[in-house]
Each structure stands twice: as C-alpha cells, then as structure tokens.
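Here's the structure we're looking at; comments come further down.
The values are calculated or read from the model by the stated rules, or taken from the named source; none is laboratory data. The structure displayed is predicted, hence computed values, not measured ones. Glycine also receives a Cβ, built like all others from the backbone with ideal geometry; neighbour counts cover every protein chain displayed. The area values use the complete protein model at the heavy-atom level, side chains included, leaving out ligands, DNA and RNA. Shrake-Rupley method; radii C 1.70, N 1.55, O 1.52, S 1.80 Å.
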Amino acid sequence: MRPVPGNLPAELNRFVGRADELAELARLLTRTRLITLVGVGGVGKTRLAVQAARALRPEELRKRYGDGVWLVELSAVRDPGLLDHALLDALRITDHSGRPTREMLHTHLADRRLLLVLDGVEQLVERCAELVRDLLRRCPGLQVLAVGRRPLRLAGERTFPLAPMSDTDARRLFADRADGVAPGGRRLDEHRDAVRELCRRLDGIPLALELAAARLRVLSVEQILRRVDDRFQLLTGGSRGELPRHRTLRTAIGWSHELCTPAERLLWARLSVFAGPFDLEAVEYVCAGPELPAASVLDVLDALVAQSLVVPEETPAGPRYRMLDTVRAYGAQWLEALGDTGRMRRRHRDWYVGLATWCELDWFSPRQAEIAACADSALPNLRAAIELCLETEGEAYLGQYLAGTLWFYWAGCGRLTEGRHWLERVLASADPRDEGLNDETCQDEPRPEKARREGSPHAGSRLKALWVLGHVAILQGDNTAAVGALYECRGEAARTENALALTYAEHRLGCLALLSGDMPRAERLLRAALGGYHELGELNSNVLMGQAELALALVFQGDLDTAVALCADVRDICEDSGERWTRSYALYVHAYAAWARGRLGEARALLAESVAIHHTFNDLVGLVLSMELMALVTAGEGDPAEAAVLQGAATRLWQSVGAPLFGSPAFGAPREQCERRAKDLLGPELYGAHVAEGHALPPAAAVERALAGPRGAGLLPRQLSGGHREMPDRKADRETGLAAGLEKREPAGSPGQIGGEAAG
C-alpha cells in the first residue's frame with residue numbers, strides 16, 4: 001500500500017509532553033476545517049502542529065487525508081506576491097502553463113483530500129486570510145491548520161491558544177534536553193528544586209527551556225538559575241503593553257545572548273541576514289571580517305549550534321544550518337543596533353549572485369542534479385538577494401543579471417512560474433542609467449554615436465533577462481509575451497552590437513517557431529543561432545538544446561538522417577561533459593526517429609532514459625513529450641490498453657504544461673496515431689476507461705508506469721515486422737553532426753511526413 005504523500009520534516013529530537021493539547025487538537029481536526037494554533041514565539045506551536053499530524057494512525061491518515069499532509073513554511077516570505085508560490089512549492093506542484101498561481105492551486109486542490117499546515121501566517125496575515133478563505137470555499141476536501149501569533153479572523157475559524165507547558169511537562173522537557181547535552185543530566189535528581197524553579201522562571205516556554213538546557217555543558221543548574229534570575233531583575237519593567245510571556249522569552253534569549261562570547265554574539269547578529277537554510281561557505285563569506293576571521297567562523301558557528309541557537313539539518317544539497325525565527329529576529333535587532341544591516345545584506349546578496357553564477361557555469365557538467373538541489377536550498381536567500389536589488393536605487397541591473405543567470409533553474413527544474421514572476425519584476429524596475437535605451441527615446445537624445453550604439457554599461461544584464469523571459473514564456477505557451485520580450489532583446493542587441501544576446505534571441509525565436517509548427521522558419525532561425533554560437537565560441541546546455549531543437553525540426557520535415565546525426569553529436573558531447581538535461585531532449589528526438597523507422601524496442605529504451613531524466617529535474621515539458629511518444633511506441637508494441645493509460649497520464653500532465661502539444665500538428669501527430677490505433681483495437685468505451693485510469697495517476701506513478709514496459713499479453717507481429725534497418729554509426733554521426741547543423745539542407749520531406757507515417 002502506497003504511503004500517504006506529504007513533506008513533514010524528520011524529528012531532530014524527541015517530542016516531549018503536551019498529551020492533553022495533542023488530544024484536543026486531534027478532536028478539533030475531526031470537527032472543523034480551519035484551526036489556527038496561536039501563541040507567543042517559542043511556545044512550540046509548529047512542533048505541536050506537526051506532531052498532531054504525524055500522530056494519526058496510517059489507516060486514519062489515508063481515510064481523512066488521502067492526498068497527504070503538507071507543511072508550508074511562510075516565515076521567510078515577505079513578498080505578498082510569493083505567497084501562492086510558497087504553497088505551490090510545498091505541494092510540489094509544477095506548472096508550466098503560465099496560468100495564475102491561484103488558478104493552479106484551485107485546479108490541484110479541487111478534488112483532493114489533504115491537510116495544509118500553514119506555519120508563520122502572522123508575516124502576511126491579511127493575505128494569508130484571503131488565500132485560506134478562497135481555498136476553503138473552492139476545495140471541499142481541504143483542511144487547514146494555521147500556525148501563528150494571531151488568528152486569521154475568518155468565519156468558521158476555531159482558534160486554539162497554546163499555553164506554555166505544564167510544570168511537569170516543562171521539567172520533563174528540560175531533563176530530556178539536558179540528557180542530550182550532558183548524559184546523566186548533571187545528576188538533575190539532586191537538583192530538583194532548582195530545576196523546578198528554573199522551569200517556573202522560564203514560564204514553561206519550550207524554546208527558553210532548550211536554550212537553558214544547552215548551557216549545562218558549562219554551567220550547573222544553580223548557576224543557570226542564578227543568571228536567569230539576575231536577568232529578570234534587570235528587566236522587570238519590560239515594555240509597556242508587552243505580555244509577560246513575551247518578556248520571558250525575550251529575557252531568556254537575551255540571557256543566552258549575554259552568555260555568548262563577543263565573537264558568538266557578532267556571528268549571531270550577522271547570521272540574521274540569511275532568509276533560509278545556509279551552508280558553511282556562505283557563512284564564511286558573508287559573516288567573516290576583521291573582527292571575525294574566516295578561520296574562526298567554523299568554531300564560532302559550532303558553539304552557536306551547541307547552544308541550540310543555530311540548528312543543523314541534512315538536505316538534498318548537503319548539510320545546512322538555519323535559525324529559528326525568534327532567534328533570528330533577536331539577532332537582526334542587534335545587527336541594526338550595530339549599524340551594519342545594510343553592509344551585511346549587500347554581502348549576502350553578493351554571495352548569492354556569485355552562487356548563481358557558479359551554478360550556471362556548473363550546470364554544464366556531471367553535477368546538474370547537485371546544482372538543482374543547491375538552487376532549491378538557496379531559493380529563499382536568492383529571493384532576498386533579488387529583493388535587495390529591487391529596493392536599492394541604481395542596482396536594478398544586478399537583479400536583472402541574477403534573475404537571468406537563474407535560467408537553468410527556471411527552465412530546467414520546473415520553476416517557470418516563479419521565474420516569470422522575478423523576470424517581469426526586474427525588467428519593470430528600470431535603472432535610471434538605463435533610461436533612453438529604447439530606439440524611440442534614443443532618437444530624441446543627442447549623444448555620441450558610440451554611446452548610442454553601446455548603450456548602458458549594464459545593458460547586457462537586461463538583454464539576458466529579456467531572452468530568458470522569452471524562453472520562459474515560450475515554455476508556458478504565452479507566445480505574445482515571448483514575442484514581445486524576444487523582439488525587444490533582438491532589436492536592442494542589434495543596436496548595441498551585442499552579438500551574444502542577438503544569437504540567444506534568434507535561438508529562442510527559432511524555438512518559438514518550432515513549438516508553433518512553423519518548421520521551415522524554425523530551421524532557418526536555429527541554423528543561424530548555431531552558426532552564431534560557433535563563431536562566438538559559445539558551448540553550453542543552451543547551445544546543445546538549440547542543436548536538439550534543430551534536429552526535431554528536421555525530423556518533423558522527414559530528414560531523419562541529418563536529425564540523427566545532430567542528436568548523436570549532442571549525446572556524445574553530453575557524455576563527455578556529464579550533461580544530462582539536454583541529453584534527455586536529444587534522446588527524445590533520437591527515439592522519434594527510431595519510432596519513425598519502426599525500431600520500437602530502441603525507441604522505448606531511449607524514451608525510458610529520457611523520461612527518467614526529465615522526472616529527476618521536474619521538467620514537465622520534456623516529460624510529457626516523452627510520455628506521449630512512449631504511448632505511441634506502446635501501442636505499436638501491441639499493448640493498446642497500456643498505451644491508453646499513458647495517454648491519459650500525459651493528458652493530466654498537459655494541464656500543468658499548457659496548450660496540449662502546443663497546438664502544433666507536428667507535435668500532435670503521435671497522439672493522434674496512438675489514439676486511432678488504440679481505439680480501433682479496444683473500442684471507444686474501453687479506450688476511454690483506460691485513459692481515465694491514466695488520468696488519475698499522479699506524475700510519479702505515471703513515470704513508474706511508463707518505465708515498467710508494456711503489460712499486454714503479447715505483441716502483435718504485424719506491428720513489429722518490417723521497416724527495420726540499422727541506425728547510422730554513432731562515430732560517423734558525430735563527425736557530420738555539427739556540420740549538418742550549420743549547413744543549409746533541403747528538407748527530405750514535406751511537413752507532416754515522417755518515415756512514411758502521416759504526421760499531421
């Protein structure tokens with residue numbers, strides 16, 4: 001039986017106490033669709049919410065939340081426009097269609113039964129309330145457990161105030177964490193009165209208790225109690241209107257801050273600029289300086305980890321660290337008091353601009369999967385870096401550079417929607433030094449010809465953002481936006497004599513022609529772009545993708561030999577460099593040619609590898625194309641039922657990609673042939689039932705089904721016989737591949753004719 005999906009984090013330590021609260025929360029989850037768990041910072045709201053979901057029995061979990069329990073962390077989201085994106089990310093929804101993010105959420109959640117745990121709703125409480133109201137109205141199977149410091153104030157909301165721990169639970173938690181710090185807990189049984197008084201003084205707030213327990217490495221319980229008591233005496237008054245428990249937590253964190261060494265306090269303050277998980281290298285660059293040498297950063301960071309002020313965690317990208325929101329906020333106050341916030345935010349931005357640059361360069365390597373994981377982990381910090389560029393006068397070009405440099409992440413890792421969000425924002429934020437770049441304005445501005453021609457020193461960043469936006473819009477099926485961005489890029493690149501940007505614009509216009517079904521124009525533009533890349537010495541994943549796209553245009557025109565030669569060259573370069581993402585597209589084209597020649601077994605093997613790679617990178621465009629062709633191959637192998645299932649699965653994927661098969665007759669040919677064959681063999685009714693079965697499969701299950709192979713009782717000899725001939729030699733293919741891509745050749749067939757099969 002499949003486990004219920006979800007993304008609840010692994011427990012770093014044992015959950016202690018709160019039995020009554022868990023029971024009451026479990027009761028409320030059976031009675032109301034919206035619960036908001038409220039309480040002061042550090043009281044354990046998030047931990048209780050996650051534990052309540054995790055405590056459900058497997059059979060109860062499947063019955064009530066068959067589509068999963070999903071934690072959405074909102075504490076790092078400051079831009080209201082990213083709130084819906086945060087839900088899409090947490091739910092692992094990939095959508096290339098260009099639809100509004102809210103519409104994607106409606107579509108995904110409409111018929112699902114799941115629990116959303118929204119953590120940190122106080123950051124954008126009004127927008128969160130509007131989002132929750134909308135989703136609950138439209139999605140009857142949805143239940144929301146919100147977590148924050150104040151309620152959403154919606155009709156039907158049940159507020160669950162979380163009080164500090166009882167005396168008994170507080171002592172149990174302190175003892176448990178003390179045992180983790182110093183086995184034996186420094187013989188706490190001999191200090192019961194001190195432990196009881198310490199827990200009372202700390203108001204039973206879990207975060208305060210954990211910070212105190214971490215000090216048992218160097219202090220006794222009596223010493224901790226005495227220091228906490230002194231601190232309370234100092235801050236008895238507190239701020240007017242401040243709740244006692246807020247003062248308690250502030251006092252506990254402040255006391256912990258006082259016990260830190262100067263170096264630890266300084267690093268704590270500087271770490272507050274990180275918006276999400278961070279690694280040691282980032283800390284060493286951003287936070288080091290004369291007062292905190294880079295060589296000492298690891299030891300100081302380790303000391304903060306030992307005091308529970310920084311939390312280590314394992315991620316797909318490797319070891320990372322994070323700070324709890326309350327601890328980070330305290331550090332940010334100190335950084336502001338030091339007058340160093342602006343400088344540290346700029347250093348933070350510079351690091352992530354450098355990280356994005358390195359990731360872009362290293363994308364063309366065997367480390368693509370690692371780069372994708374690294375970008376995923378860095379996303380909250382990359383967002384913060386772009387935001388700073390937008391906030392800072394005169395630095396819009398840096399935001400344009402950063403958003404453009406992340407093209408590999410937006411296009412290659414299923415992040416088109418968020419990429420479009422940032423690209424449009426940075427392009428709309430004009431640098432005053434870049435004003436007058438448009439032809440119309442330049443004609444009215446008397447300036448030297450060389451300056452007119454070269455434009456702003458940062459024009460290249462804008463041009464890159466423009467062609468990347470055009471690429472993203474193409475993949476989303478928004479041809480109007482794509483044409484606007486690419487023509488602007490091409491015009492400006494020609495005027496400023498930026499040959500590289502001009503080549504990228506022509507390449508993407510060729511891609512647009514390909515997906516629009518204009519194969520002759522696609523071939524002409526793609527050949528021109530490949531020639532430009534060759535002259536400029538440009539070689540990366542984009543260049544190889546252009547070669548694969550040209551091969552596809554040739555396949556659709558019936559020129560199989562040239563297409564196979566081009567793809568063989570791409571595959572060999574990918575094998576030499578370790579590149580996998582572009583390789584998956586070359587495999588698709590190679591498989592298309594193999595299918596057209598009747599080599600179904602070879603086509604299946606090529607498509608299986610292509611499907612697996614696309615799934616790894618969450619690239620739905622490539623995945624759905626390969627699934628469509630796999631369905632046709634399966635029909636040809638004599639299993640029409642399984643072919644119909646795969647077609648149904650592909651139909652569901654197209655809903656997240658955009659216009660099915662881009663509205664192109666060439667791309668639609670495999671589907672039409674598969675449907676015709678499968679219907680003829682199964683009959684309309686049975687065919688429809690199998691399509692419905694496939695449509696119900698989630699993407700991961702659909703991929704598993706595609707890779708499992710045909711399930712029919714036997715293959716039909718008529719469909720496996722004849723038409724077989726050996727593929728051209730791979731070595732010879734490589735020798736002629738690039739030349740074939742640059743040389744103009746007459747198409748060997750008319751559009752829609754592929755190897756004798758009707759393709760349109």
Query raised in the report: Within the set of pairs 6+ apart or on separate chains, which have a first residue in the stretch 594-621 that is at positive phi, a second that is open to solvent by 40 Å² or more (accessible area, probe 1.4 Å) and among the polar types (S, T, N, Q), and C-beta atoms under 9 Å apart?
Result: G598/S721
Query raised in the report: Is it the case that L530 is in contact (Cβ under 8 Å) with a residue 60 or more places away in the chain and either assigned to a helix (DSSP H, G or I) or among the β-branched types (V, I, T) (or both)?
Result: yes
**Report entry** Exclusive hit being touching a residue at least 60 places away in the same chain (Cβ under 8 Å), open to solvent by less than 20 Å² (accessible area, probe 1.4 Å) and not aromatic (F, W, Y), set V4, V50
**Finding:** V50
Requested in this report: Would you be able to say whether some residue in the stretch 252-268 is in a loop (DSSP other than H, G, I, E, B), among the aliphatic types (A, V, I, L, M) and at pLDDT below 80?
Outcome: no
Report task. For G537, indicate whether it is touching a residue at least 12 places away in the same chain (Cβ under 8 Å) and surrounded by fewer than 24 Cβ atoms within 10 Å (Cβ to Cβ). Result -> no
Query - Single unsatisfied condition, Y352 versus (1) surrounded by fewer than 19 Cβ atoms within 10 Å (Cβ to Cβ); (2) under 24 Å from the mean Cα position of the chain (by Cα); (3) assigned to a helix (DSSP H, G or I); (4) of a type outside the set (S, T, N, Q) - result: (1)
Query raised in the report: Among the residues of the stretch 380-389, is any more than 25 Å from L271 (Cα to Cα), over 13 Å from the mean Cα position of the chain (by Cα) and in contact (Cβ under 8 Å) with a residue 24 or more places away in the chain?
Result: no
Query - Search result, residues across the stretch 515-532 that are under 15 Å from H471 (Cβ atoms) and either modelled with pLDDT of 95 or more or open to solvent by less than 10 Å² (accessible area, probe 1.4 Å) (or both) - result: A522, L525, L526, A529
Query raised in the report: In this structure, is A76 crowded, with 21+ Cβ neighbours inside 10 Å, closer than 22 Å to P9 by Cβ and free of Cβ contacts under 8 Å to residues at least 24 places away in the same chain?
Result: no
Query - Exclusive hit being free of Cβ contacts under 8 Å to residues at least 60 places away in the same chain and buried (at least 22 other Cβ atoms within 10 Å of the Cβ), set A565, A586 - result: A586
Query - Residue satisfying all of: in the stretch 9-21; over 13 Å from R172 (Cβ atoms) and more than 32 Å from the chain's Cα centre (by Cα); surrounded by the most Cβ atoms within 10 Å (Cβ to Cβ) among these - result: E21
Query raised in the report: List pairs: first in the stretch 333-346 and touching a residue at least 40 places away in the same chain (Cβ under 8 Å) and under 16 Å from G254 (Cβ atoms), second among the polar types (S, T, N, Q) and open to solvent by 30 Å² or more (accessible area, probe 1.4 Å), Cβ under 9 Å, 6+ apart or cross-chain?
Result: L335/T341
Report task. Looking for whichever is within 28 Å of G44 (Cβ to Cβ) and open to solvent by 50 Å² or more (accessible area, probe 1.4 Å) here; the options are Q307, Q333. Which one fits? Result -> Q333
Report summary line: From the option list G44, G39, G6, single residue qualifying as of a type outside the set (V, I, T) and in contact with a Leu (Cβ under 6 Å, 6 or more places away or on another chain) is G39
Query raised in the report: On the given criteria, is E497 surrounded by fewer than 22 Cβ atoms within 10 Å (Cβ to Cβ), under 30 Å from the mean Cα position of the chain (by Cα) and more than 19 Å from L629 (Cβ to Cβ)?
Result: no
Query raised in the report: Counting only residues that are of a type outside the set (D, E, K, R) and surrounded by fewer than 22 Cβ atoms within 10 Å (Cβ to Cβ), which one in the stretch 390-404 is modelled with the lowest pLDDT?
Result: G394
Query raised in the report: Residues in the stretch 30-39: is at least one assigned to a helix (DSSP H, G or I), out of contact with any Ser or Thr (no Cβ under 8 Å at 6 or more places or on another chain) and either more than 30 Å from I205 (Cα to Cα) or modelled with pLDDT of 85 or more (or both)?
Result: no
Requested in this report: For R346, state whether it is under 26 Å from the mean Cα position of the chain (by Cα) and either among the acidic types (D, E) or more than 28 Å from L8 (Cβ to Cβ) (or both).
Outcome: yes
Query raised in the report: Can you tell me how many residues in the stretch 100-124 are out of contact with any strand residue (DSSP E or B) (no Cβ under 7 Å at 6 or more places or on another chain), open to solvent by 10 Å² or more (accessible area, probe 1.4 Å) and either without any contact (Cβ under 8 Å) to a residue 40 or more places away in the chain or in a helix (DSSP H, G or I) (or both)?
Result: 11
**Report entry** Matching residues in the stretch 656-694 - criterion: being surrounded by fewer than 17 Cβ atoms within 10 Å (Cβ to Cβ), at pLDDT below 80 and part of a helix (DSSP H, G or I)
**Finding:** G663, P665
Query raised in the report: In the stretch 22-39, which residue that is of a type in the set (G, A, S) and in contact (Cβ under 8 Å) with a residue 24 or more places away in the chain is surrounded by the fewest Cβ atoms within 10 Å (Cβ to Cβ)?
Result: A26
Query raised in the report: (1) assigned to a helix (DSSP H, G or I); (2) more than 28 Å from the chain's Cα centre (by Cα): which one isn't true of A53, the others all being true?
Result: (2)
Requested in this report: Return yes or no: is R347 closer than 29 Å to E122 by Cα, touching a helix residue (DSSP H, G or I) at 6+ places or on another chain (Cβ under 7 Å) and assigned to a strand (DSSP E or B)?
Outcome: no
